[in-house]
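Below is one structure, written out as structure tokens, with a few remarks after it.
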Amino acid sequence: MLYVLRNSWALLLGVLLLMIGNGLQGTALGLRGSIEGFSATTMSYVMSAYFVGFLVGSRLTPHMIRRVGHVRVFAALASLISAAFILYAAAPHPLVWALMRLLVGLCFSGVYVVAESWLNDSATNETRGQSLSLYLIVQMVGIVSAQGIANFADPGGYTLFVIMSVLVSVAFAPILLSVSPAPVFQTTKPMSLVRLYRASPLGMVGTFFLGGVFAALFGMAPVFATEVGLSVKDTTLFVAAIYIGGAVLQFPLGWLSDRMDRRQLIFATTLIGVLAMLASAPFIAEPPTLLVLAFVIGGCANPLYSLLIAYTNDFLEHEDMAAASGGLIFTNGMGAIAGPIAIGWLMGAFGPYAFFGYIAVLFALISGYALFRMTQRAAPSVDETSAYAAVMPQASPVAVEVAQEVAIDLAQNDDDDTGYRDDHVTTETHATQSDYP
């Protein structure tokens, strides 16, 4: 880990600044939207635009990189992000915000691709897993730190948005001055959605519903907090608790996933989320209850992304895993686009606490479908499953494919240790895939 940090500290510092800026964006808009008198429904369209842009950007970025290269793409997109952050304060209008969110989502998608490409290029086969873990830690630290910074300026003025813009602008320096030219950009063509569903119905369906959960937690959480009257401090603590919960429980759930039927863990994790929301209902108006609930929900939701990817890999050959990750990212993105719009309508129709009702329903759907899938085919042996590799829901296809490579390397190391697993896995996988309901 120290070797990775010593060789990639400048790149990771730049990523940290980018994540602080992006983490500030959602919270600042939620707080400023309340000051401007925007309804939850209006803000839902604003927040949804980011996920539309992110999904579009994941498709456009490879073409842009092939045309002009990593450095120019990174500099251009980061400059647009910096400008958009200032325009939020200069033109507080829902349409302008939605257009800027669309642009920022598109640009951040490209920025992540470039930064993750450089990070992957600087890693060796021996350090790739450590690089991915450190990158995950930096992302979490950046987003949580952003919530603290949000308390140092009035969201009704310009200062907070200037800070966001400056952070992104400053992030250019350590990244562009420290990296070598990245290799030719290559990504695997995504697997068709039909084939992905046939390989892992639970992986695809669960990822779609989880996209809606992520959009609620990472897009509409500040809007919910302002709707129920939380102060700026309590709003930032509420948002931070979501990310902290995800960081704390990511690795324990990952450890469990490599030692049990992953469908059971998916079922149990989502069920715990539902029960936590039901149990807290009588006390939900109290800020301490909201913080605990945010921690639990974030802790249940964030690791599920990596868990569903790992479960999908259990029914794929190694060479198909990268292609499947592209299909899962697209499926997750479609769920994320619809999420804020649905929750905004629900909050407008039934009140702000419909925020938790919406998440509970999606968790219940994932939990119920996982239980149903247990009756459709037998789970592969724990010794035959792919390794769990943690990855953030905001990650680009590059980071997800790197996570897949790490999982494959871990699996192949296990193969070498046992001396028989490869042939057994191949036989078992084909037998399982032919057993679709």
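Observations, loosely collected:
- Each residue of segment 343-354 was assigned a 3J(HN,Hα) from its phi angle through the Karplus curve 6.51 cos²θ - 1.76 cosθ + 1.60 (θ = phi - 60°); the sequence is 6, x, 5, 5, 5, x, 7, 10, x, x, 6, 5 Hz, with glycine and proline shown as x.
- Over segment 120-163, accessible surface divided per residue gives 43 Å², non-protein components excluded, 1.4 Å probe.
- Whole-number accessible area per residue in Å² for segment 18-104, which is evaluated in the context of all protein chains at 1.4 Å: 37 Å²
- Its Cα centre serving as origin, the chain has a Cβ charge dipole (Lys and Arg +1, Asp and Glu -1) of approximately 1380 debye.
- By accessible area with a 1.4 Å probe, ligands and nucleic acids excluded, highest first: order of GLU286, GLU401, GLU227: GLU286, GLU227, GLU401
- Distance-filtered residues of segment 335-362 - backbone nitrogen under 17 Å, label point 7 angstrom along PHE372 Cα→Cβ: 361-362
- Fluctuation leader among ALA378, ALA215, ALA40 - the chain, Gaussian network, Cα springs under 10 angstrom: ALA378
- Subtracting the Cα-Cα distance of ASP121 and HIS63 from their residue separation scaled by 0.36 nm leaves 19.0 nm.
- Convex hull of Cα atoms in segment 5-60, direction-averaged projection (nm²): 5.2 nm²
- Contact order relative to length of segment 260-342, as percent, for alpha carbon pairs under 8 angstrom and 6 or more apart: 31 percent
- Dividing the radius of gyration of the alpha carbons in segment 180-337 by their Kirkwood radius gives 1.04 for Rg/Rh.
- Normalised contact order of the chain, rounded percent, pairs of Cα under 8 Å and 6 or more residues apart: 25 percent
- Each semi-axis of the equivalent ellipsoid for the chain is √(5λ) with λ an eigenvalue of the Cα gyration tensor; in descending order they amount to 33, 27, 18 Å.
- Here the Gaussian network model covers the chain, with springs between Cα atoms less than 10 Å apart; of ARG263, ARG377, ARG59, ARG377 fluctuates the most.
- Within a Gaussian network of the chain (alpha carbon springs, distance under 10 Å), most fluctuating of THR235, THR41, THR207: THR41
- Of ASP121, ASP258, the residue with the largest accessible area leads and the full order is ASP121, ASP258 (1.4 Å probe).
- Nonpolar atom fraction for the chain, defined as the carbon and sulfur part of the 1.4 Å probe accessible area, stands at 66 percent.
- Distance between the modelled labels on ARG259 and VAL194, one decimal in nanometres: 4.2 nm (7 Å Cα→Cβ projection).
- Ellipticity estimate at 222 nm from DSSP helix runs (n ≥ 4, -39,500 (n - 2.57)) divided over the chain, nearest 500: -27000 deg cm²/dmol
- Relative contact order for segment 235-392, counting Cα pairs under 8 Å that sit 6 or more residues apart, in percent: 42 percent
The values are calculated or read from the model by the stated rules, or taken from the named source; none is laboratory data. Given the structure is predicted, the values throughout are model-derived calculations rather than measurements. Don't worry about glycine lacking a Cβ; one is built from the backbone with ideal geometry, like all the others, and counts go over all protein chains shown. Remember, those area values only see protein heavy atoms, side chains included, never the ligands or the DNA or RNA. Shrake-Rupley method; radii C 1.70, N 1.55, O 1.52, S 1.80 Å.
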